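One structure is given here, and the rest of the page talks about it.
The values are calculated or read from the model by the stated rules, or taken from the named source; none is laboratory data. Everything quoted here is computed from the prediction, not taken from an experiment. We place every Cβ from the backbone using ideal geometry, glycine too, and count neighbours over all the protein chains shown. Side chains included, ligands, DNA and RNA excluded: accessible areas come from the protein's heavy atoms. Shrake-Rupley method; radii C 1.70, N 1.55, O 1.52, S 1.80 Å.
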Amino acid sequence: MKIATFNDHRVGVVQGDQIWDVTFLLPAALDQLPQQRMNWLIAHWAQMGPRLADARTQCLPLASVALLAPNPAPPHVFAAPANYRKHIGELGSRAVTKGGRTAREQGFFLMAPGSISGPGSPIRVPRDSVRRFDHESELAVIIGRAGRNIPREEAMSYVFGYSCLIDATMRIEKDSHEEERSMRKSFETFTPIGPYIVTADEVPDPGRLRNRLWVNGQLKQDANTGEMIVGVAELIELVSSVLPIQPGDIIASGTPEGVGPFGPGDELRIEIESVGTMSLSVQECDARSPRPF
Ligand code: MN
């Protein structure tokens, strides 16, 4: 099943070029917290999944709605650094992870949930910036149920589904000041996700998916998730060894080689096999900062 969030945080099931509005099935109390609808739905999937499958009363053309981030308010966004072998080293002095280290040695980092945006929103980079902005094409793993200290052998049963995620990054220039990674990865709109969540039953092996990204129609990243150093199950084991994972959490599983710059006016397109495709424009925004972006 393909589940989307659209318009004013309504929830829908995507089928071909249609979307079935299933918001009426959710508790009315969630009308006060519409951004939490998807977290609630994921947490109650055992009961709600079959009801969604049968809810075929309110249909809209997919093209007529504004898709938002499928989970607009994940409790956590975890991210794997240096998780594809060929990507390691390609950033040279701009790399944050020390030479030769991978996600296995470094563990994960956090991206702020507030940096999440959806397929209908542009990525907005600070105006007149001297920074380089890079695209990272990533498979997003959506967690389905709470857990702590999950062994990798059991980890896949904690996956709710998958989505496409671009980890937009503003690089720090060589010989520049030092700066925490969270600031550069968590700029508003720098974590677009979508176009919907594909439930795990439709993606039998997340370790065999082509992962591609284009800039202005030119293919820049083209790899397979099978090249990930730390796979999905081990990422869940790692994250849950530190803190409880929660329904709706997102794990950005890392980017392959081909990371490169983008700027205002560009069009980014990400496609992950069996998961979906999403196109985003890039615009400028006014940014106030006590330090140069
Ligand atoms: Mn990344």
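Looking only at residues in the range 224-235 that are within 16 Å of the ligand (Cβ to nearest atom) and in a helix (DSSP H, G or I), the one that is surrounded by the fewest Cβ atoms within 10 Å (Cβ to Cβ) is 227. Are any residues in the range 176-190 assigned to a helix (DSSP H, G or I) and either surrounded by 19 or more Cβ atoms within 10 Å (Cβ to Cβ) or on the phi > 0 side of the Ramachandran plot (or both), and if so, which ones? Result: 184, 185.
Only one of the numbered conditions (1) within 20 Å of residue 113 (Cβ to Cβ); (2) surrounded by 22 or more Cβ atoms within 10 Å (Cβ to Cβ) is not met by residue 82, and that is (1). For the range 172-184, a tally of residues being within 16 Å of the ligand (Cβ to nearest atom) and basic (Lys, Arg) returns 2. Quick check on the range 25-32. Is at least one of its residues in contact (Cβ under 8 Å) with a residue 24 or more places away in the chain and either touching a Pro at 6+ places or on another chain (Cβ under 9 Å) or over 19 Å from residue 246 (Cα atoms) (or both)? Taking every residue of the range 25-32 in turn, at least one turns out to be in contact (Cβ under 8 Å) with a residue 24 or more places away in the chain and either touching a Pro at 6+ places or on another chain (Cβ under 9 Å) or over 19 Å from residue 246 (Cα atoms) (or both). Residues being within 14 Å of the ligand (Cβ to nearest atom) and within 30 Å of residue 46 (Cβ to Cβ) are represented in the range 163-171 by at least one member. For residues in the range 236-264 being closer than 16 Å to residue 169 by Cα and open to solvent by 30 Å² or more (accessible area, probe 1.4 Å), which is farthest from the ligand (Cβ to nearest atom)? By that ranking, first place goes to 264. Count of the range 242-276 residues, restricted to those that are of a type outside the set (Asp, Glu) and either in a strand (DSSP E or B) or not assigned by TED's automatic domain parsing to the domain that holds residue 232 (or both), is 12.
Listed here are the strands (runs of 3 or more DSSP E) enclosed by the range 9-128 that have at least 1 residues being more than 16 Å from the ligand (Cβ to nearest atom), more than 18 Å from residue 164 (Cα to Cα) and at pLDDT 95 or above: 10-15, 18-21, 59-61, 123-126.
Quick test of your reading of the structure: residue 125 fulfils all but one of (1) open to solvent by less than 50 Å² (accessible area, probe 1.4 Å); (2) of a type outside the set (Asp, Glu); (3) closer than 16 Å to residue 241 by Cβ. Name the failing condition by number. With respect to (1) open to solvent by less than 50 Å² (accessible area, probe 1.4 Å); (2) of a type outside the set (Asp, Glu); (3) closer than 16 Å to residue 241 by Cβ, residue 125 is out only on (3).
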